[in-house]
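Trainee: What follows is a structure written as structure tokens; I'll ask about it next.
Coordinate-derived values only; no laboratory data. Predicted, not measured: the structure shown is a model, and the values here were computed from it. Quick reminder, even Gly has a Cβ in these numbers, built from the backbone with ideal geometry, and neighbours come from all protein chains shown.
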Amino acid sequence: MAIVIIRQDGKTDMWKEALLAADPNLPVFGYHDDHDPKGIKMALVWKHPKGSLANYSNLMCIASNGAGVDFIFEDEDRPKHLPITRIVDTYLAADMSEHVLALILANLKHLEHYKVDQFNKIWKPLQYLRIADVRVGILGLGTLGQVLANDLVRFGFQVQGWSSSRKSVEKVKSFAGPDELSDFLASTKILVCLLPLTDRTSDILNKELFEQLPKGAYIINVARGGHLVDKDLLELLDSGHLSGAALDVFHQEPLNQEHPFWEHPKVHMTPHYASVSDTDSVVPQILENYRRLENGDSLINLVSKTKGY
Ligand code: NDP
């Protein structure tokens, strides 16, 4: 019974070493290592080559090496009967919250704008907003969204969230389901997307949604590039309806050099680094599920295959 790590971002050895540091006897292989596919019971994957999971006839579990699982559902050749697990981790949630807080504070204090003014030697103070006057709306009030919501409340923001089911988070107004999306949007000044990418949320950040936000709203997408219709965002930024956007995730990563986002003055880009799985904190939960597989116990952090997240 062994684990195979399948990813294409050059981090296979890092994860293998981290797993072996926790358990030196663990049978763990990189996808390109010499190994017997029949002995593999768990595949630890991150954006694996589509079809690669089909090589493992005795696989018992597909474990995402991150919080998102969209890339697994996109692999039509995956063994569909297998359980899928994902990472649920306090560091992942705290890092995401810090990233979004930094973006929101920078936006309130116009830090991006002043950087450009500085390069152009322009001295022009702008009016700023106070935290207490700003309502942040979080699309996806799940594991990451709720940690962010609590942090924003602690900072003094007005906070509301939208999810499939109603949530009870102190001082956070909960909106649930498609029927309540319009009311949620109408009162959101800064919109943060923390939804999983599924058939129902793909392209959700589109013109129709943006037009329901108040004029001057600011968009933060830290979920997946597939949530955003790029041309709709550009149109609404250029018309002045939206004041700006901070994007961490893109349809194609790295973003192609010709894409208009690179040079758009109202777009703030980061290279999909808002929150990255930390080996020290994530390895124990991978090993926990490996042991559970060995013992025939039910797995932790299971993904719903009907919901797709
Ligand atoms: P969770 O599954 O814990 O939360 C997802 C939330 O979205 C839930 O509240 C869920 O509602 C809600 N939701 C899902 N579908 C819909 C829908 N159709 N309508 C309304 N609400 C919906 O996910 P996490 O918080 O752990 O992660 C969210 C995403 O963040 C990940 O899928 C990943 O794409 C992204 N991510 C990005 C990172 C980065 O570095 N940029 C790092 C880590 C994650 P309900 O609870 O009612 O089901």
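Trainee: For region 192-243 and region 278-306, what is the separation of their C-alpha centers, rounded to whole Å?
Mentor: 34 Å
Trainee: For region 208-216, in order, what is each residue's ³J(HN,Hα) by Karplus, 6.51 cos²θ - 1.76 cosθ + 1.60 with θ = phi - 60°, in whole Hz (x at glycine and Pro)?
Mentor: So the Karplus estimates, Gly and Pro as x, are 4, 5, 4, 5, 8, 7, x, 4, x Hz.
Trainee: Any idea which of A176, N289, L228 is furthest toward the positive side of the dipole for region 156-309, if Lys and Arg beta-carbons carry +1 and Asp and Glu beta-carbons -1?
Mentor: A176
Trainee: Taking a ≥ b ≥ c as the square roots of the eigenvalues of the Cα gyration tensor of region 144-292, is the shape rounded (a/c under 1.5), prolate (a/b larger than b/c) or oblate?
Mentor: Here region 144-292 falls in the oblate category.
Trainee: Arrange Y290, Y309, Y128, Y114 by Cβ neighbour counts within 10 Å, fewest through most, would you? Walk me through the intermediate numbers first.
Mentor: Numbers: Y290 25, Y309 21, Y128 9, Y114 16.
In increasing order of surrounding Cβ atoms, one gets Y128, Y114, Y309, Y290.
Trainee: Around F73, under 14 Å between beta carbons, what's the net of Lys plus Arg minus Asp minus Glu among the other residues?
Mentor: So the environment of F73 carries a net charge of +3.
Trainee: In debye, nearest 20, what is the charge dipole magnitude of region 38-105 about its Cα centre with +1 on Lys and Arg Cβ and -1 on Asp and Glu Cβ, if you could check? Walk me through the numbers on the way to the answer.
Mentor: Working: 7 positive and 8 negative charges, 83 e Å.
Roughly 400 debye for region 38-105.
Trainee: P(r) tail for region 68-114, what percent of Cα pairs lie past 13 Å? Write out the running numbers ahead of the final one.
Mentor: Working: 758 of 1081 pairs.
It works out to 70 percent of all Cα pairs.
Trainee: Among G156, L194, L144, which residue has its Cα furthest toward the positive end of the charge dipole of region 144-215, with +1 on Lys/Arg Cβ and -1 on Asp/Glu Cβ?
Mentor: G156
Trainee: Of I122, I220, I131, how do they rank once you tally other Cβ atoms within 10 Å and put the fewest first? Working shown, then result.
Mentor: Details: I122 10, I220 25, I131 14.
With the fewest neighbours first, I122, I220, I131 line up as I122, I131, I220.
Trainee: Sticking with this structure for a sec: What ranking do T279, T85, T201 get, fewest neighbouring Cβ atoms within 10 angstrom at the top?
Mentor: Working: T279 17, T85 24, T201 21.
Least to most surrounded, the residues fall as T279, T201, T85.
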